[in-house]
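To start, the structure under review is shown below, and the notes come after it.
We did not get these values from a lab; they are worked out from the coordinates using the rules stated. Because the structure is a prediction, the values reported are computed rather than measured. Please note: Cβ atoms are built from the backbone with ideal geometry, for glycine as well, and neighbour counts cover all protein chains shown.
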Amino acid sequence: MLLLKCLLIIQTLPESALEEASEELEGIYRFYTNRFPQAELPTIPASTIRGKLSAMQVRPPIVLEP
């Protein structure tokens, strides 16, 4: 369904926009062809971080002089 949506958008573009659309699609294609599949990425085990909340500190605003 998404492919049809993309084709419809491209079909309705004016002739002057087709070169820009082609360049953008080529960039998207290059980006996604150079990525590793998700299955090959290492998994990082979940860990728990313990902390202690302290009182909130209100700092004076920073004033920038020209």
> Separation between the Ser22 and Ser54 pseudo-spin-labels, each 7 Å from Cα along Cα→Cβ, expressed in nm?
Replying inline: 6.1 nm
> Can you give the calculated 222 nm mean residue ellipticity of the chain, where each DSSP H run of n ≥ 4 adds -39,500 (n - 2.57) and the sum is split over every residue, rounded to the nearest 500 deg cm²/dmol?
Replying inline: -13000 deg cm²/dmol
> Charges only on Cβ, +1 for Lys and Arg, -1 for Asp and Glu: so what's the dipole of the chain about the Cα centre, in debye to the nearest 20?
Replying inline: 820 debye
> Within the P(r) computed for the chain, what percentage of the Cα pairs occupies the region above 13 Å?
Replying inline: 82 percent
